[in-house]
Each structure stands twice: as C-alpha cells, then as structure tokens.
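In what follows, a structure is listed as structure tokens, so that the remarks can point back to it.
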Amino acid sequence: MELKELAHYQRHHENFEIRVIAHAGSRYYQVMLEPHDGTTQALTRRGKPMLFRALDDVYGELKQAGIHRAYLVQQVANDEIVGHEPHYHDPLLSRMPLVF
C-alpha cells in the first residue's frame, strides 16, 4: 500500500492496526497495515516495500499519512525456523505501543 493510499484508508476505516516490524539481526524497520480481517499489507513506495533505518523516519512517514499510533513488533527468526506461530496479540510479550 502506497503512503497516499494509507492516508486515504485511515480516514475511511477505524478498525485496523499499524505494525512497525523490527526483524531480529537487522537494522531496518518495515511498516505493515493489518485490518482486523487478518490480511496484511506492507507500506510501499513505487511498488517496493519501504524500509526505514530509524524509528524517527517511521514516525515522520506515518505522521504525514495522519497515523499517530502503532505497535513495534520484534520478529525473531527462531520462531520462524522451528515453525511456531508469532504471538503478536500477547500485549506484553511481543509488541510495544508507539504514540507519536
């Protein structure tokens, strides 16, 4: 989803979550939109996923789209290797609220 589409989407929908994904062993952040129907979409620019080097960059882009809250999610490669499902909805275990 392009940044302009995200701005339009957030004005017309209330039931969604923005996740800032931090991959273990990586210095980059990726932003994902997850409506409560379970589908996910990556924030893109010209059809390619946007990657950010710092949370300040993420904050700036999301503020520009009118988003003021998100969740920071740490993805751990070990869970993917052994086949465990990530537990993103456990509020204190895997995600941290961000308000900007």
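The values are calculated or read from the model by the stated rules, or taken from the named source; none is laboratory data. Treat the numbers as computed from the prediction; the structure is a model and nothing was measured. Please note: Cβ atoms are built from the backbone with ideal geometry, for glycine as well, and neighbour counts cover all protein chains shown.
Any chance you could count how many residues in region 33-56 are surrounded by 14 or more Cβ atoms within 10 Å (Cβ to Cβ) and either among the polar types (S, T, N, Q) or assigned to a helix (DSSP H, G or I) (or both)?
Keep residues of region 33-56 that are surrounded by 14 or more Cβ atoms within 10 Å (Cβ to Cβ), which gives 33-34, 41-44, 50-52, 55.
Filter again for either among the polar types (S, T, N, Q) or assigned to a helix (DSSP H, G or I) (or both), leaving 41, 44, 55.
Selection size over region 33-56: 3.
Quick check, is residue 91 at pLDDT below 90, surrounded by 14 or more Cβ atoms within 10 Å (Cβ to Cβ), part of a loop (DSSP other than H, G, I, E, B) and not hydroxyl-bearing (Ser, Thr, Tyr)? Talk me through it step by step, then tell me what you get.
On the way: at pLDDT below 90: yes; surrounded by 14 or more Cβ atoms within 10 Å (Cβ to Cβ): no; part of a loop (DSSP other than H, G, I, E, B): yes; not hydroxyl-bearing (Ser, Thr, Tyr): yes.
Considered against the rule, which asks whether it is at pLDDT below 90, surrounded by 14 or more Cβ atoms within 10 Å (Cβ to Cβ), part of a loop (DSSP other than H, G, I, E, B) and not hydroxyl-bearing (Ser, Thr, Tyr), residue 91 comes out as no.
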Quick test of your reading of the structure: residue 70 fulfils all but one of (1) part of a strand (DSSP E or B); (2) surrounded by fewer than 17 Cβ atoms within 10 Å (Cβ to Cβ). Name the failing condition by number.
(2)
Can you tell me which residue among 29, 9 is at pLDDT 85 or above and under 12 Å from the mean Cα position of the chain (by Cα)?
29
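Check whether at least one residue in region 33-49 is closer than 15 Å to residue 70 by Cα, without any contact (Cβ under 8 Å) to a residue 40 or more places away in the chain and among the charged types (D, E, K, R), and report yes or no. Break it down into steps so the answer makes sense when it comes.
Our first condition is that a residue be closer than 15 Å to residue 70 by Cα; within region 33-49, this holds for 33-36, 40-43.
Cutting the leftovers down to without any contact (Cβ under 8 Å) to a residue 40 or more places away in the chain gives us 33-36, 40.
Subsequent filtering for residues that are among the charged types (D, E, K, R) retains 34.
Within region 33-49, one or more residues are closer than 15 Å to residue 70 by Cα, without any contact (Cβ under 8 Å) to a residue 40 or more places away in the chain and among the charged types (D, E, K, R).
Does region 73-87 contain any residue that is at pLDDT 90 or above and not in a loop (DSSP other than H, G, I, E, B)? Steps first, answer last, please.
Keep residues of region 73-87 that are at pLDDT 90 or above, which gives none.
The answer is no; no qualifying residue exists.
Applying the selection to region 1-32, what residues are aliphatic (A, V, I, L, M) and either in a strand (DSSP E or B) or farther than 15 Å from residue 66 by Cβ (or both)?
18, 20, 21, 22, 24, 31, 32, listed by residue number.
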